[in-house]
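Contents: one structure, followed by commentary.
The values are calculated or read from the model by the stated rules, or taken from the named source; none is laboratory data. Just so we're clear, the structure is a prediction, and the values are computed from it rather than from any experiment. So basically every Cβ, Gly included, is an ideal-geometry build from the backbone, and we count neighbours across all protein chains shown. What goes into the accessible areas is simple: the full protein's heavy atoms, side chains included, and nothing from ligands, DNA or RNA. Shrake-Rupley method; radii C 1.70, N 1.55, O 1.52, S 1.80 Å.
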Amino acid sequence: MTPQMTVPINPPVDETIAQAAAALKGGFLVGMPTETVYGLAGDATSDVAVARIFAAKGRPRFNPLIIHVADADEAAALAEVSPRAAALMARFWPGPLTLVLPRRADCPISLLASAGLDTVALRCPDHAVARALIRAAGRPLAAPSANPSGRLSPTCAADVAEAFTRDQVALVIDGGAAPVGVESTIVGLFGDGAVMLRPGGLPRAAIETVTGPLQDAGHADADAPQSPGRLLSHYAPRLPVRLNATSVAPDEALLGFGGSLPAGALVSLNLSPAGDLAEAAAHLFAMLRQLDRSGAKGIAVMPIPGDGLGEAIRDRLGRAAAPRGAAA
Ligand code: TXA
Ligand code: MG
C-alpha cells in the first residue's frame with residue numbers, strides 16, 4: 001500500500017468532526033468509534049453512500065445495515081415506534097441495543113440499506129463522538145462494523161485504518177478502545193413478539209425485564225427472513241478455532257478465561273483473569289487478532305460461562321470456530 005493510500009486517523013476534536021461530517025454529506029465513508037465496535041459510517045439516506053459501504057466491506061447484498069440515530073425522536077421519524085419499543089429506548093438508549101422496527105411509510109432511509117425489507121434496524125450509540133458525528137452530519141448514519149465481511153470486528157482506530165484504503169474510507173476518528181467490545185444486541189419487535197436476533201453488548205436478562213421472555217431466531221439466519229445475512233461463519237480469524245479447550249497443544253495459541261490456565265501453549269492471553277464477562281467481551285476481538293498473528297497453528301479457547309455477556313461472547317466464538325463459508 002502506498003503512503004498516500006493510507007486512511008488517516010484523526011483525534012476526536014471539533015475540526016475532525018466537521019471534516020468527517022462534510023465527507024459524509026458528500027457520500028463518502030468515515031470510520032466511527034462507538035461503545036461496541038468501530039463502525040464504517042455512511043449517509044443512510046444515500047443509495048450511493050450505502051453502496052460504497054457494501055463495496056468496501058465486500059458484504060453480501062442481502063445483509064441489511066444498522067442505522068444510527070442521535071436519540072429516540074430521530075428514531076420516531078424513521079420507524080413505527082410502538083409503546084414497547086418506546087419503553088426499550090427510554091430504558092436502554094443510548095446503549096448497545098438495536099431495535100428492528102417497521103419502516104414508516106415516509107422513511108427516508110435507502111432501501112438498499114435495509115436490503116429491501118419493510119423493517120429498519122435502529123440504534124442510538126452511547127459514545128460522545130458517534131453522537132456528535134450523527135448530529136453534525138444532520139442525518140442518520142448506516143454503520144456496519146468496520147471490518148471486511150466475515151472478519152473480526154475492529155475495536156480500535158488502527159484496526160479500521162489497516163483494513164481499508166483511502167479511496168474507500170475518508171478518515172477514521174480515534175475514539176480510543178471500544179469499551180464494550182462486542183456488537184449491539186439486536187431485538188426484533190414484530191406484532192406481539194420480541195425476538196432475539198443477535199446476542200450482543202446488552203445482556204438478554206436486562207432486555208427481558210421490559211419485554212418478558214425473548215423468542216429465539218435460531219442460528220440458521222440465512223434462511224430466516226427476519227434476520228438475513230447472519231452467516232454462521234463470521235467474525236473469523238485466519239487460524240482455525242477450537243472451543244471449550246481444557247488443555248492445549250504446544251503449537252496452539254491459548255485464549256484463556258479465569259484464574260487458572262492450562263500450561264504449554266505457544267502463546268497465551270487471558271480474556272479476564274478475574275472471570276469478569278464484561279472485561280472478557282472488551283478484550284475478545286483484540287486478543288483474537290493478536291493470537292491470529294502469533295505464528296501458532298490454531299487458537300484454543302477455554303470454556304466461557306453463558307450468563308450475561310457470555311451469550312454474546314459464545315455466539316461470536318461459535319462463528320469464529322464454524323467451518324468457513326458455512327451458511328447455516
Ligand atoms: O454494535 C453494532 O451494532 C455495530 C456498531 C458499529 O454500531 N454495528 C453492527 O452493524 O454490528 P452490522 O451492520 O455489522 O450488523 C448488521 C446486523 C446483521 O446481522 C443484520 O442482519 C441485522 O443487523 N439487521 C439489520 N437490519 C435488519 C432488519 N431490517 N431486519 C433484521 N435484521 C437486520
Ligand atoms: Mg459485523
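General observations
- In this structure, the amide hydrogen of Arg242, modeled 1.01 Å from its nitrogen in the peptide plane, lies closer than 5 angstrom to those of Ile299, Ala300, Val301, counting only residues at least 5 positions away or on a different chain.
- Heavy-atom accessible area order for Glu311, Glu35, largest first, 1.4 Å probe: Glu311, Glu35
- log₁₀ of I(q)/I(0) at q = 0.11, 0.20, 0.25 Å⁻¹ - the range 233-328, Debye sum with one point per alpha carbon: -0.27, -0.92, -1.41
- Look at the alpha carbon pairs under 8 Å that are at least 6 residues apart: their mean separation over the length of the range 94-179 gives a relative contact order of 22 percent.
- Whole-number D in µm²/s for the chain (Stokes-Einstein; Kirkwood sum over Cα pairs; 20 °C, 1.002 mPa s): 108 µm²/s
- Distances between placed amide hydrogens fall under 5 Å for Ala236 paired with Arg151, Leu152, all partners being 5 or more residues away or on another chain.
- Added length on full extension, which subtracts the Cα-Cα distance from 0.36 nm per residue, Ala105 to Ala55: 15.2 nm
- Accessible surface of the chain [probe 1.4 Å, protein heavy atoms]: carbon and sulfur percent: 56 percent
- Its Cα gyration tensor gives the range 1-93 an equivalent ellipsoid; the semi-axes, largest first and in whole Å, are 28, 17, 13.
- Only helices enter this figure: runs of n ≥ 4 DSSP H residues, each worth -39500 (n - 2.57), summed and divided by the residues of the chain, yield -8000 deg cm²/dmol at 222 nm to the nearest 500.
- Counting only protein heavy atoms and using a 1.4 Å probe, the accessible area of Asp216 comes to about 110 Å².
- Based on protein heavy atoms only, the chain ends up with 39 Å² per residue of surface accessible to a 1.4 Å probe.
- Student exercise, the chain dipole from Lys, Arg, Asp, Glu Cβ charges, in Debye to nearest 20: 680 debye
- Under the simplified labelling scheme, the Arg91-Asn244 pair shows an inter-label distance of 3.2 nm, with each label point 7 Å from Cα along Cα→Cβ.
- Ranked by solvent-accessible area (1.4 Å probe, protein heavy atoms only, all chains present), the residues Met89, Met287 order from largest to smallest as Met287, Met89.
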